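Note sheet for the following structure.
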Amino acid sequence: MTMLATISGPPSSGKTSIIIKAVAALRREGLDAGVVKFDCLSTVDGGLYEKAGIRAAVGLSGNLCPDHFFAANIEESLAWGEKVGLPLVLVESAGLCNRCSPHIKDIFAICVIDCLAGVSTPKKIGPMLKLADVVVISKGDIVSQAEREVMAFRTKQANPKADIIAVNGITGQGSQELAMLVRQRAAAEALIPGNRLRFSMPMAVCSYCLGETKLGGEFQRGYVRKVDWAKTGEVDRG
């Protein structure tokens, strides 16, 4: 039975580099892994995985939300891993909007954020971070020790239950700890049909989802949310 783990995080947070280092650490312990990479319009990550000797499949969502694309293709991702004989599949989701929810109940879930995003970032990220089992903080070598500590503290406030570790995607420092957690907690029986996401995806069924390009209320249909201007704090200057 192929094991499964999901990895999400904002763009350019270092997910791919961290996965490459974690797979190398897993292999040193005798556990091979492959990757399914979901992205939007294009990606070079498939080549990076190939260069690292990691078997990888790439899916592009095009004009669909990448995490809706993830949910529609996660069962096939696991089936791919089983077909090619991989003991572990890591599914990397784009997670663009910070509200995304690509984590699955009873499936080991990792969220990657980076120190350069700012210490207020953890509270701005939704279920992608708040419901992860492990939060990996990357690029800590670029900021001060004080900033690293504040980032870890703010992350713990946002998700008190998660393990929080620092991983350097260039040197690999911390990847052994991440690999150990994956090895220990990745689902030995990753069941997808009938399983559930840990949180609902963002709602996005409106005229713009269906290809509308004209602006204005008369062209807006479906699920549309407007700003409540009375609650914005703007003073009436009339």
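Where a number appears in this text, it was derived from the coordinates with a stated rule and is not lab data. Source: prediction; values computed, not measured. Virtual Cβ from ideal backbone geometry, glycine too; neighbours counted across all protein chains shown.
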If you put +1 on each Lys and Arg Cβ and -1 on each Asp and Glu Cβ, how big is the dipole of the chain around its Cα centre, in Debye rounded to 20?
400
Residue-ordered couplings for the stretch 213-220, obtained by feeding phi - 60° into the Karplus form 6.51 cos²θ - 1.76 cosθ + 1.60 and rounding to whole Hz (Gly and Pro as x), are 10, 6, 9, x, x, 5, 9, 9
Gain in span if fully extended, Val205 to Leu64, counting 0.36 nm per residue against the direct Cα distance
49.6 nm
Among the aspartates and glutamates, select those whose C-alpha is under 17 Å from the C-alpha of Lys21, and discard any that sit fewer than 8 residues away in the same chain.
Glu29, Asp32, Asp45, Glu50, Glu92, Asp114, Asp141, Glu177
Mean residue ellipticity (222 nm) of the chain, computed from DSSP H runs ≥ 4 via -39,500 (n - 2.57), nearest 500
-9000 deg cm²/dmol
In the calculated pair distance distribution of the chain, what percentage of Cα-Cα distances lie above 34 Å?
19
Which entries in Lys130/Lys226; Lys124/Lys226; Lys37/Lys105; Lys37/Lys123; Lys15/Lys123 show an alpha-carbon gap greater than 22 Å?
Lys130/Lys226; Lys37/Lys123
Note the angle between two axes, namely the Cα long axis of helix 66-83 and the longest principal axis of the Cα atoms of the chain, as a number of degrees from 0 to 90, rounded to the nearest 10.
20
List every residue whose amide H lies under 5 Å from the amide H of Ala56, counting only residues 5 or more places away in sequence or on a different chain, with H placed 1.01 Å from N in the peptide plane.
Val35
State the Kirkwood hydrodynamic radius of the stretch 6-102 in Å, one decimal place, computed from all pairs of distinct Cα atoms.
13.5
Would you mind computing, in nm to one decimal, how far apart the modelled labels at Ala52 and Gln173 are, each placed 7 Å from Cα along Cα→Cβ?
1.9
Counting other Cβ atoms within 10 Å of each Cβ, which GluC sites (Glu not before Pro) in the stretch 5-97 have at most 11 and sit in a DSSP loop?
Glu29
